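Heads up, the thing below is written out as structure tokens.
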Amino acid sequence: MKCFDIVIIDDDEFCIQALKKGLSAHACFRVKGEAQTASAGQKLILEHRPQLLFLDIELPTITGMELLQELRDQIIWPMQVVFYSAYDKYMLDALRSAAFDYLLKPFTQEELDRVINRFLEYDKKELSNPVRLSSLSSVSPKGNAFMASTVTGYKVLHLEQIGYVTYQRIASSGWPSSTTRASYC
């Protein structure tokens with residue numbers, strides 16, 4: 001049986017325990033860590049690389065959506081995010097932030113099971129599909145492209161689309177100057 005790692009980030013210990021209890025009904029899910037702050041949660045996400053993240057929207061210092069935005073470039077593995085909150089006013093913003101699902105607190109076991117079953121169905125169709133993973137050769141038969149995982153799935157990147165920009169300050173005295181030269185590679 002394939003197992004999935006989960007990280008929970010919520011500032012309310014009672015909610016963390018309720019979610020862990022609900023998830024315990026699903027043997028194929030392992031809670032690898034839990035955090036009550038954004039900074040601790042950030043470390044857990046990068047350390048455990050979960051396939052599923054339960055993220056409270058209202059955290060003490062920043063919102064869950066802001067935390068996800070800060071981490072977006074560092075998340076290079078397939079991870080789905082379930083935002084959960086006691087308020088439905090965040091639902092639209094969460095969905096726009098690439099949420100996999102949204103769970104309202106307090107949730108019932110049936111609602112949590114629906115989210116879990118949807119994730120399992122997603123994994124079965126999207127992540128475990130060998131046709132999807134091998135289809136890169138049909139998109140780029142010369143091998144000049146690769147797939148990069150993102151928070152919402154995968155993206156095909158062609159080598160000609162990749163570049164970087166560097167900036168150098170030019171100063172004869174060694175002091176910072178307002179003259180800037182840009183080069184594109």
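The values are calculated or read from the model by the stated rules, or taken from the named source; none is laboratory data. Since the model is a prediction, treat every value here as computed from it, not as a measurement. FYI the Cβ positions are ideal-geometry reconstructions off the backbone, even for glycines, and counts take in every protein chain you see.
A few comments on the model shown:
- Residue check, ALA35 of a type in the set (A, V, I, L, M) and surrounded by fewer than 16 Cβ atoms within 10 Å (Cβ to Cβ): no
- Scanning the range 39-76 for residues that are over 12 Å from the mean Cα position of the chain (by Cα) and hydrophobic (A, V, I, L, M, F, W, C), we see that the one that is surrounded by the fewest Cβ atoms within 10 Å (Cβ to Cβ) is ALA40.
- For the range 80-91, the criterion of being surrounded by fewer than 17 Cβ atoms within 10 Å (Cβ to Cβ), farther than 23 Å from LYS2 by Cβ and of a type in the set (Gly, Ala, Ser) is met by at least one residue.
- Taken over the range 5-21, the criterion of being crowded, with 19+ Cβ neighbours inside 10 Å and touching a residue at least 40 places away in the same chain (Cβ under 8 Å) is satisfied by ILE6, VAL7, ILE8, ILE9, ASP10, CYS15, LEU19.
- Every pair of residues 6+ apart whose Cβ atoms lie under 6 Å, when the first sits in the range 27-38 and is aliphatic (A, V, I, L, M) while the second is surrounded by 17 or more Cβ atoms within 10 Å (Cβ to Cβ) and assigned to a strand (DSSP E or B): VAL31/ILE6; ALA35/ILE9
- When the range 22-38 is filtered for residues that are touching a helix residue (DSSP H, G or I) at 6+ places or on another chain (Cβ under 9 Å) and not in a strand (DSSP E or B), the ones remaining, listed by number, are GLY22, LEU23, ALA25, HIS26, CYS28, GLN36, ALA38.
- Meets criteria (more than 18 Å from the chain's Cα centre (by Cα), within 18 Å of GLU111 (Cα to Cα), modelled with pLDDT under 95 and of a type in the set (A, V, I, L, M)) for ALA27: yes
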